[in-house]
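We did not get these values from a lab; they are worked out from the coordinates using the rules stated. Owing to the predicted nature of the structure, the values given are computational and were not obtained by experimental measurement. Reconstructed Cβ throughout: ideal geometry from the backbone, glycine too, with neighbour counts over all protein chains shown.
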Amino acid sequence: MPLLINLRDLDDAQPLRLAGELPAADLELDQLDELIHFTRPVTYDLTVEKLEENLLVRGRVEWVLDCECSRCLQPFADEHEFPDWACHLPLQGEERVPVINDQVDLTSTLREDILLEFPQHPLCRPECGGLHKRPGGKQKVKPTPPDGGTIQADGKASAWDALDNLKF
Ligand SMILES: [Zn+2]
């Protein structure tokens, strides 16, 4: 279901409640960034009031982006919300919103605001150190010898020893 306001429902001047889910496909935001996948529905809980020749829409909007970290490439869920989203939609004048079959579509307005919240460089956590520090990932992490020494378990000298020898 697209996010539609039916103006006939506003005739009694009572605020109209709109709550539900907007399919991600309606927002067409999935193909903009290869690290950001917008596939889950947006949940909204809004009230709509008609104030003279404007619609005032207010309420909560929540969505989750499935991102890949731009440093370590780990997938993570990136939760977002507008706890108090608001928009004015003029019904008259040059800026008036299109009304089709007495309905106003909020989808493009919401799309613009969500797009502004897209992370520039998604990070799994602010201090993510990138690939070389990834714990539990696919990369093999060599254990550090308990003594921090350079002699390996099989008794051979390590590359560091070889470097030391080169100096002499
Ligand atoms: Zn990361």
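Structural remarks
- Integer Hz, Karplus 6.51/-1.76/1.60 couplings in order for the range 24-41, x for Gly and Pro: 4, 4, 5, 8, 6, 10, 7, 9, 7, 9, 5, 8, 10, 10, 10, 10, 8, x
- The label-point distance for GLN103 and THR39, in a model that sets each label 7 Å from Cα toward Cβ, rounds to 2.8 nm.
- With a cut-off of 18 Å on the backbone N, the residues of the range 22-42 near the modelled label site 7 Å out from MET1 along Cα-Cβ are 22-27, 41-42.
- Note that the range 79-84 has calculated 3J(HN,Hα) couplings of 8, 9, 8, 10, x, 9 Hz, one per residue in order, obtained from phi through the Karplus relation 6.51 cos²θ - 1.76 cosθ + 1.60 (θ = phi - 60°); glycine and proline are x.
- When you restrict to C-alpha pairs under 8 Å that are six or more residues apart and normalise by the size of the range 4-116, the relative contact order lands at 26 percent.
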